[in-house]
């Protein structure tokens, strides 16, 4: 029996790793990429939207609407990840002006329309702060029945990367993350504990370079800049490629092992705001509300990622 491609909306804040997640999602025959929506996070929402258009232009991804979403979190002001992604949010390569347009609809309106009109339930793959997703659930709570799953890159079963306990995407908007995790929808969390297993080593960069394509070389440039930021900030010899792990989970769930766990988001802690509290041993007695990624088949992940880039020619 032939399996139909899974319809998804990719909600992102490009971002170097978001850029490769876009390439992976658009190339995969297992995915029907219905829309790309952007949110303020790694840079301002204006820059993130421009970066999504840049990547789609370079890769020749057309026919996928791109809409700008929330400029900042539900509460407070936007905390930007420029210390990792640079002033443009996609520092490193030089980009020409994009030709792929941005639609006039807001991200939430586009998400609502696409999900409502599609004949099958839609999966939201959210690889930035969860503001757009939370707003969608707030403005149109009835749409929950049309969402198959929310797969996020965010959080951690261990420590954080933006504060000692908070991962960046969750820390930017903990209130939005809290809404998503308490929504009652099927949520899958791909956190730092698993994305740190997706290291872009020199061998991986050599495989991208060996493709001998413009896009393969672009990936090397992106990962080289990203790697220098990671080394400077966290001392990683090779940078972890976070966001495509969530996309890989949708394409082939066997690549990312997940376990059902209770997950809560800390919104008030003086030192822990934005932390994902994953009850690994079920000590709280709370019900499981998420599938939590624990293990990555890194070899198959990189085969998938490099194969996707190679498919663009």
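Where a number appears in this text, it was derived from the coordinates with a stated rule and is not lab data. Predicted, not measured: the structure shown is a model, and the values here were computed from it. Neighbour counts run over all protein chains shown; Cβ positions are idealised from the backbone, glycine included.
A crude spin-label estimate for the pair residue 186 and residue 214, with each label 7 Å from Cα along the Cβ direction, gives 3.9 nm. Here each label is just a point 7 Å from Cα along the line to Cβ, and for residue 282 and residue 104 those points are 5.3 nm apart. In the set (i) 147; (ii) 158; (iii) 129, the label that goes with volume of the Cα convex hull per residue in Å³ computed for this structure is (iii).
Averaged across orientations, what area in nm² does the convex hull of the alpha carbons in the range 171-275 project? Before the final figure, lay out each step's value.
Numbers: hull surface 34.1 nm².
Value for the range 171-275: 8.5 nm².
For the chain, calculate the relative contact order in percent as a whole number, restricting contacts to Cα pairs under 8 Å that are 6 or more residues apart. It comes to 19 percent, rounded to a whole number. Once you reduce the range 37-57 and the range 224-256 to the center of their Cα atoms, the two points are 19 Å from each other. Please check which bits of the range 147-174 a label hung off residue 236 would reach, taking the label as a point 7 Å along Cα-to-C-beta and the cut-off as backbone N under 20 Å. Zone members listed by number: 152-173.
Rg and Dmax, both from the Cα atoms of the range 1-130 and both in Å, are 14.3, 50.
Annotation for residue 87 and residue 142: the two label points, set 7 Å from Cα along the Cα-Cβ direction, are 4.9 nm apart.
Over all directions, how big on average is the projection of the convex hull of the alpha-carbon atoms in the range 77-122, in square nanometres?
With every direction weighted equally, the projected area is 5.9 nm².
Annotation: the antiparallel percentage among DSSP beta bridges lying fully within the chain is about 30.
Descending by average beta-carbon neighbour count within 10 Å, the peptides 303-311, 284-292 line up as 303-311, 284-292, the highest first.
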